[in-house]
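Novice: This is the structure, below, for whatever I ask next.
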Amino acid sequence: MSCGTKPVDEYRQIADFESMDAIWMSCLNNLNYMAVESDMVDKMERNIEVKIAMVDEQSEKDCKDFFDFANFNYDMIKYFTFRGNDYWIRDHGPVFVYNKKGRLCVVDFAWNQYGYEYFLKDFYSGNMDLVRKKMNNYNVVAKGQVDSLFGVKLHLPIIKSWLVIEGGAMESNGNGTLILSKALMRQRNPDSSIVSMERELKRVLGAKNIIWLNDGLAEDVHIVGRITENFVGMGTGGHTDEFVRFADRKTILLASYDAEEINQNPVTAINYRRMEENYQILQAARDVDGSKFTIIRIPQPSMIAAKVRLNPGETVDSTLNLPVGVLKPSDGWQAGDSVWRVACTSYLNYYLTNNKVFFQSYQNFGTPMTREIQVINIFKKVFPNREVVPINARSLNWYGGGLHCATLNQFKDSNLP
């Protein structure tokens, strides 16, 4: 089923702050991840349907067993199986758009495992035999079909796109303006020009106005590796949902860092410079009507880091220690080295439902309470009809993700009752 070839402006990408019909999450056999997920569902308003995506029947059993063990009771949960599904459903799941008739459609963007092939090409110094062998360990083709499978399962039209982009890498205001990271999009689509990428985004999302920011958060490194000096992290390479969000069609929330903290660690210093550059770009930006945006700076949590050991080999264990074999040889690390592993923390990786703002809380992990209260007050101001709900999402942050990454809004389809 397809929406067919439509002219530009036929579609409208839906903003996160618009009214939703259901929330999607993925079930993964990871107790730390599931604890975050169950906390969110437990605090969800009871008129929202929760849809759990799984990779197979065993993962459904594991998920139900976890909820039963947690004495968890929620009668609006539905389970769906998608071959190739993974935890970060925002990224490999569908992007929802409306056509001019108000019909909900699914955009199926291309998928390349966060540009992992290009990471491996550098890792293996261009040895493509080793790259292909490593890539075979990831079910890239199946995961890339999950968004289309959503369309089939939900009986929604499907719009195919050649462009590689993840759901967490784009920020829409629902009225034709799209914010992207230039560095990330070039990494994902190295053979495509900015012009060709813009043309495709206009075709499938109805984007009329694209704002290109520079780099994202320093700790949101591409895949895994050195941030700077002896600081390492895991991430996507610059997803927008970590540092810039639309609160409404005319209001942009942008990460900010305390100038007094930039001398405390080099990671915060990098973030300060990057966000000030992005701020200048946003100040000069205009919406589709030619009006300026209101830009609100969101103070960010203090850096969370743990001193860890680099173990031999490539096997990840249950601790925060990292195997030296997953880091690029060009970084120069050796087994036994000690490094600072930095969590990808942010107040902007929040998730909206119709009546609530679920945000990542850090006041018990080194961030001053006064700063978090300041953030809560901003959320209350820009989302006046939503309750602000704190969630401990550190277990996701250590692996480059957060609440927004692990959830997906589904919107109302005019063809459905």
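Read-outs: derived from the displayed coordinates by stated rules, not from any lab. The structure displayed is predicted, hence computed values, not measured ones. Here the Cβ positions follow ideal geometry from the backbone for every residue, glycine too, while neighbour counts run over all protein chains shown.
Novice: So if R0 is 30 Å, what FRET efficiency would residue 392 and residue 326 give, r being the distance between their Cβ atoms, rounded to the nearest 0.05?
Specialist: Working from the Cβ atoms, E equals 0.70.
Novice: Return a whole-number percent for the relative contact order of the range 154-211, with Cα pairs under 8 Å and 6 or more residues apart as the contact set.
Specialist: 40 percent
Novice: Taking just the C-alpha trace of the range 228-287, give me its Rg and Dmax in Å.
Specialist: Over the range 228-287's Cα set, Rg and Dmax evaluate to 13.3, 41 Å.
Novice: Could you tell me what fraction of 2.2 N^0.38 Å the Cα radius of gyration of the chain comes to, as a two-decimal ratio? Intermediate values should be presented prior to the final figure.
Specialist: Numbers: Rg = 20.5 Å, N = 417, 2.2 N^0.38 = 21.8 Å.
That ratio works out to 0.94.
Novice: Return the distance in nm (one decimal) between the two label points of a simple spin-label model at residue 380 and residue 250, each offset 7 Å from Cα along Cα→Cβ.
Specialist: 2.5 nm
Novice: Per residue of the range 11-27, in order, report the coupling 6.51 cos²θ - 1.76 cosθ + 1.60 (Karplus, θ = phi - 60°) as ³J(HN,Hα) in whole Hz, putting x for Gly and Pro.
Specialist: 10, 9, 5, 8, 7, 4, 7, 7, 4, 10, 10, 7, 10, 9, 9, 10, 9
Novice: Estimate the FRET efficiency between residue 284 and residue 229 by the formula 1/(1 + (r/R0)^6), using the beta-carbon distance for r and 22 Å for R0, to the nearest 0.05.
Specialist: On the way: r = 33 Å, r/R0 = 1.49.
My answer for the efficiency is 0.10.
Novice: Another one. Using Cα pairs under 8 angstrom and six or more residues apart, how large is the relative contact order of the chain, in percent?
Specialist: Taking the mean separation of contacting Cα pairs over the length of the chain, I get 19 percent.
Novice: While we're here: Suppose each label sits 7 Å from its Cα in the direction of the beta carbon; what would the residue 160-residue 35 distance come out to in nanometres?
Specialist: Computed distance between label sites residue 160 and residue 35 equals 4.4 nm.
Novice: What's the whole-number percent of alpha carbon pairs in the range 286-401 lying beyond 16 angstrom?
Specialist: 68 percent
Novice: Jot down the radius of gyration and Dmax of the range 280-334, Cα atoms only, both in angstrom.
Specialist: Values for the range 280-334 (Cα only, Rg and Dmax): 21.1, 56 Å.
Novice: What is the Cα centroid distance between the range 77-122 and the range 168-191, reported in whole angstrom?
Specialist: Spelled out, the Cα-based centre of one part sits 15 Å from the other.
Novice: Same structure again: How about the range 276-322: which GluC sites (Glu not before Pro) there are in a DSSP loop, with at most 14 other Cβ atoms within 10 Å of their Cβ?
Specialist: 314
Novice: Tell me what the chain gives for mean residue ellipticity at 222 nm when only DSSP H runs of n ≥ 4 count, each as -39,500 (n - 2.57), the sum divided by the residue total, rounded to 500 deg cm²/dmol.
Specialist: For the chain, the value works out to -8000 deg cm²/dmol.
Novice: Further, regarding this structure: So how many Å³ per residue does the convex hull of the Cα atoms of the range 239-334 work out to?
Specialist: Expressed per residue, the convex hull around the Cα atoms of the range 239-334 is 156 Å³.
Novice: Still on this structure, please answer the following. From the gyration tensor of the Cα coordinates in the range 114-271, what semi-axes in whole Å does the equivalent ellipsoid have, largest first, with each one equal to sqrt(5λ)?
Specialist: Calculated on Cα positions only, the semi-axes equal 27, 25, 14 Å.
Novice: Something else: Starting from the amide H of residue 389, placed 1.01 Å from N in the peptide plane, find each other amide H under 5 Å away whose residue is 5 or more places distant or on another chain.
Specialist: 357, 358, 359
Novice: Between residue 194 and residue 260, 0.36 nm times their residue separation minus their Cα-Cα distance comes to what? Display every interim value, and only then the final one.
Specialist: Numbers: separation 66, 0.36 × 66 = 23.76 nm, distance 3.66 nm.
Between residue 194 and residue 260, full extension yields 20.1 nm more.
Novice: Would you mind getting the Kirkwood hydrodynamic radius of the range 12-78 from its Cα pairs, rounded to one decimal in Å?
Specialist: Result for the range 12-78 stands at 12.8 Å.
Novice: From the convex hull of the Cα coordinates of the range 181-258, what is the mean projected area in square nanometres?
Specialist: 6.6 nm²
Novice: Moving on to the next point. Net charge around residue 331, counting only other residues with Cβ within less than 14 Å of its Cβ (Lys, Arg = +1; Asp, Glu = -1)? Write down the numbers at each step before the final one.
Specialist: Numbers: positive: 226, 328, 341; negative: 122, 229, 337.
Surrounding charge for residue 331 is 0.
Novice: Now for a different question. Looking only at the range 109-267, where both bridge partners belong to it, what percent of the DSSP beta bridges are antiparallel (to the nearest 5)?
Specialist: 70 percent
Novice: Quick one: what Rg and Dmax do you get for the range 45-195 from the alpha carbons, in Å?
Specialist: Cα only, the range 45-195: 18.0, 53 Å (Rg, Dmax).
Novice: Taking a quarter of the surface of the Cα convex hull of the range 33-125, what do you get in nm²?
Specialist: Convex hull of Cα atoms, orientation-averaged projection: 8.9 nm².
Novice: Can you give the FRET efficiency for residue 64 and residue 139, using 1/(1 + (r/R0)^6), R0 = 25 Å, r = Cβ-Cβ distance, to the nearest 0.05?
Specialist: Plugging the Cβ-Cβ distance into 1/(1 + (r/R0)^6) gives 0.60.
Novice: With an 8 Å Cα cut-off and a minimum separation of 6 or more residues, compute the relative contact order for the range 263-417 in percent.
Specialist: Worked out over the range 263-417, it gives 19 percent.
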